[in-house]
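Before any comments, here is the structure.
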There are 2 protein chains.
Amino acid sequence: MREERVGIGAFALDGGAVLPAVEQQVTIYGAGDRVALVSHALTGSSRIREWWPGMFGAERLFDLDRWSVIGINVLGGCYGSTPVFSGRVSVRDMVRAQARALEQLGITRLDLVTGGSLGGMQALQWALDFPERVERAAIVGAHDHHSPMGIALNALQREAIAIDPKRGLRLARKIAMLTYKSEELFNERHGRRRDRHGVDRFDIEGYLEHQAEIFERRMDAHTYALLTHAMDGFDVRDAPAPQGPELLFIGISSDWLFRPQDVRAAAERFRAKGARSAYAELESEHGHDAFLAEPETLARIIARTTSA
Amino acid sequence: MREERVGIGAFALDGGAVLPAVEQQVTIYGAGDRVALVSHALTGSSRIREWWPGMFGAERLFDLDRWSVIGINVLGGCYGSTPVFSGRVSVRDMVRAQARALEQLGITRLDLVTGGSLGGMQALQWALDFPERVERAAIVGAHDHHSPMGIALNALQREAIAIDPKRGLRLARKIAMLTYKSEELFNERHGRRRDRHGVDRFDIEGYLEHQAEIFERRMDAHTYALLTHAMDGFDVRDAPAPQGPELLFIGISSDWLFRPQDVRAAAERFRAKGARSAYAELESEHGHDAFLAEPETLARIIARTTSA
């Protein structure tokens with residue numbers, strides 16, 4: 001693994017603001033011939049192997065003898081890239097900044113771009129904006145626009161942070177955790193059991209409290225607001241079909257934030273426009289988080305549907 | 001319509017606290033021979049006709065020439081009943097207090113007890129605790145326990161209120177509104193449209209803001225916490241089958257807070273135990289709120305499945 005902070009100079013955001021000197025935090029694993037870019041989700045980082053370890057290994061998707069796997073902390077992220085304090089960042093901005101960072105590193109061809117959730121939005125945007133550089137985009141637990149339910153959930157999380165940056169960030173994480181999991185998983189794991197540590201609350205409440213505690217130590221409220229706005233703004237339903245890249249949309253059966261039927265519909269919309277576009281479904285009770293919780297199954301789906 | 005504040009004396013809560021002198025706010029519509037008790041949900045009141053007008057009328061469920069329809073503000077509610085500031089209130093407490101108020105009024109037989117959501121929980125509890133007084137219980141958008149997802153959503157709403165009683169109550173209402181509606185309804189009504197008044201936000205955000213504004217004028221934060229705790233505590237899965245009352249569980253097809261499959265499962269559990277228990281489904285895109293939004297269809301379902 002090597003890490004670099006790659007300067008991409010001044011950067012004009014879609015929204016109009018110009019950032020004077022932007023650096024992108026880049027992590028590269030392996031030195032294989034095949035090159036993958038893995039875009040991270042709302043709270044991830046360039047250190048893919050820390051949050052997606054199950055994708056790495058000789059029998060997994062990323063055999064590092066064969067692959068070079070690149071992670072980049074998104075524009076506006078709080079894990080090494082230059083913070084953004086003026087204007088809003090779009091998914092297009094993120095992808096354009098990443099493209100410039102990769103150019104600096106001499107990388108102009110990607111065998112695979114993938115990611116889940118906000119990472120999936122970026123993977124799709126990569127295929128749309130840089131079709132000549134992308135062989136294949138695997139878009140997991142995301143589709144071609146953010147839904148009004150998704151927008152509302154993000155807005156309420158930002159509202160919690162606006163009420164109280166610290167306690168509100170904890171509450172935002174708890175709200176988000178409900179959207180990342182499924183009812184079935186909660187029924188199985190927590191049910192109506194009382195707190196396992198004897199506190200006067202239900203077990204599910206203790207679980208959320210624990211998640212909030214971990215979270216507030218690793219996330220920045222400003223970044224959280226910036227990146228959720230980026231998600232809300234995402235809508236590429238009217239984009240023309242990219243010529244060249246193969247699109248693979250992967251829905252998660254129990255995902256209620258990015259519902260599988262909506263992921264399938266996006267795959268069909270792009271196919272109808274003439275893109276190479278396929279749909280596959282990850283059967284899981286883990287909800288939206290299945291892309292993190294079931295990496296082996298997901299890796300098999302991505303590997304299996306390689307038509308290249 | 002007549003309204004009465006009915007004293008039921010000292011009242012010992014399930015939790016142990018004793019309330020010295022409790023009054024229940026009661027509203028009675030019509031003077032027919034058939035008697036219905038309508039239990040209200042989290043934010044309702046004894047004035048059923050204000051929040052469930054579609055159930056009333058000659059061609060509807062409650063023809064006031066034939067029916068007397070009674071509403072009672074729940075114990076701990078903020079619409080006329082004595083406020084509760086010590087201890088927590090359970091659904092059993094609510095029902096027991098209502099039974100005592102009805103005794104004061106000379107009413108010991110109910111042809112129908114019905115309600116949606118928390119009101120549905122009360123309707124079921126009535127059939128379990130006072131089977132000799134209840135002919136039929138129509139339990140709408142509720143079942144025999146509150147799920148961990150439901151518990152978590154209530155806990156996060158209380159947490160918002162704990163952070164800031166005023167702004168937090170608004171946020172709580174917005175969270176709740178998401179659980180009361182469906183993704184389909186939001187897609188249809190709001191989609192990704194920008195705010196209709198030109199504010200820099202999405203239409204769905206403006207809708208939620210409007211709902212929060214109406215809400216903070218009519219709801220009390222303490223009551224909100226008290227009644228959501230009562231919902232969380234509800235679990236009658238182990239209750240023996242009531243002898244006598246007919247149970248009608250009505251699930252809503254697009255309800256994700258009280259999912260139709262869970263409502264159906266509750267109906268089946270009671271049938272398996274030997275109760276007269278039926279299940280019917282209200283087909284609607286309105287989500288949990290369909291019990292308020294589609295009263296005509298709901299009234300037909302309740303009337304149709306009268307086996308008595």
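The values are calculated or read from the model by the stated rules, or taken from the named source; none is laboratory data. Please read all numbers here as calculations on a predicted model, not as lab measurements. FYI the Cβ positions are ideal-geometry reconstructions off the backbone, even for glycines, and counts take in every protein chain you see.
Across segment B:130-140, which residue is farthest from the other protein chains (Cβ to nearest Cβ) among those that are of a type outside the set (Val, Ile, Thr) and touching a Leu at 6+ places or on another chain (Cβ under 8 Å)? Reasoning before the result, please.
Filtering segment B:130-140 down to residues of a type outside the set (Val, Ile, Thr) leaves B:130-133, B:135-138.
Remaining after also requiring touching a Leu at 6+ places or on another chain (Cβ under 8 Å): B:133, B:135-138.
Details: B:ARG133: 28, B:GLU135: 30, B:ARG136: 28, B:ALA137: 22, B:ALA138: 24 Å.
Only one residue tops the list, namely B:GLU135.
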- B:ALA265 fails exactly one of the following numbered conditions: (1) surrounded by 19 or more Cβ atoms within 10 Å (Cβ to Cβ); (2) under 19 Å from B:ASP144 (Cα atoms). What is the number of that condition? (1)
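Among the residues that make up segment A:72-86, is at least one of them touching a Phe, Trp or Tyr at 6+ places or on another chain (Cβ under 7 Å), surrounded by 17 or more Cβ atoms within 10 Å (Cβ to Cβ) and under 17 Å from A:THR114 (Cα atoms)? Step through it out loud before you land on a result.
Kept after step one, since they are touching a Phe, Trp or Tyr at 6+ places or on another chain (Cβ under 7 Å), are these residues of segment A:72-86: A:73.
Next, only the ones that are surrounded by 17 or more Cβ atoms within 10 Å (Cβ to Cβ) stay: A:73.
When the remaining residues are screened for being under 17 Å from A:THR114 (Cα atoms), the result is A:73.
Taking every residue of segment A:72-86 in turn, at least one turns out to be touching a Phe, Trp or Tyr at 6+ places or on another chain (Cβ under 7 Å), surrounded by 17 or more Cβ atoms within 10 Å (Cβ to Cβ) and under 17 Å from A:THR114 (Cα atoms).
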- Query: Only one residue in A:LEU105, A:LEU112 is in contact with an Asp or Glu (Cβ under 9 Å, 6 or more places away or on another chain) and closer than 24 Å to A:ALA239 by Cα. Which one?
  - Reply: A:LEU112
- Query: A:LEU156: modelled with pLDDT of 95 or more, away from every other protein chain (no Cβ under 11 Å) and part of a helix (DSSP H, G or I), yes or no?
  - Reply: no
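Return the residue satisfying two criteria in turn: it lies in segment A:144-153 and is assigned to a helix (DSSP H, G or I) and of a type in the set (Gly, Ala, Ser), and of such residues it is surrounded by the fewest Cβ atoms within 10 Å (Cβ to Cβ). Spell out how you get there, then give the answer.
From segment A:144-153, those assigned to a helix (DSSP H, G or I) are A:148-153; that's our starting set.
Still in the list and also of a type in the set (Gly, Ala, Ser): A:150, A:152.
Working: A:GLY150: 25, A:ALA152: 23.
Of everything passing the filter in segment A:144-153, A:ALA152 is surrounded by the fewest Cβ atoms within 10 Å (Cβ to Cβ).
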- Item | Among residues of segment B:52-61, those that are surrounded by fewer than 24 Cβ atoms within 10 Å (Cβ to Cβ) and in contact (Cβ under 8 Å) with a residue 24 or more places away in the chain, counted | 5
- Query: Which residues, taken from segment A:1-47, are of a type in the set (Ser, Thr, Tyr), surrounded by fewer than 21 Cβ atoms within 10 Å (Cβ to Cβ) and touching a residue at least 60 places away in the same chain (Cβ under 8 Å)?
  - Reply: A:THR43
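Filter segment B:1-23 down to the residues that are small (Gly, Ala, Ser) and in contact with a Gly (Cβ under 6 Å, 6 or more places away or on another chain) and list them by number. Explain how you work it out, then say what you get.
Taking segment B:1-23 as the starting set, the residues that turn out to be small (Gly, Ala, Ser) are B:7, B:9-10, B:12, B:15-17, B:21.
Residues satisfying the conditions are B:GLY15, B:ALA17.
I want to confirm something. Restricting to segment B:159-174 and keeping residues that are of a type in the set (Gly, Ala, Ser) and at the interface with chain A (Cβ under 7 Å from one of its Cβ atoms), which single residue is surrounded by the most Cβ atoms within 10 Å (Cβ to Cβ)?
The qualifying residue surrounded by the most Cβ atoms within 10 Å (Cβ to Cβ) is B:ALA160.
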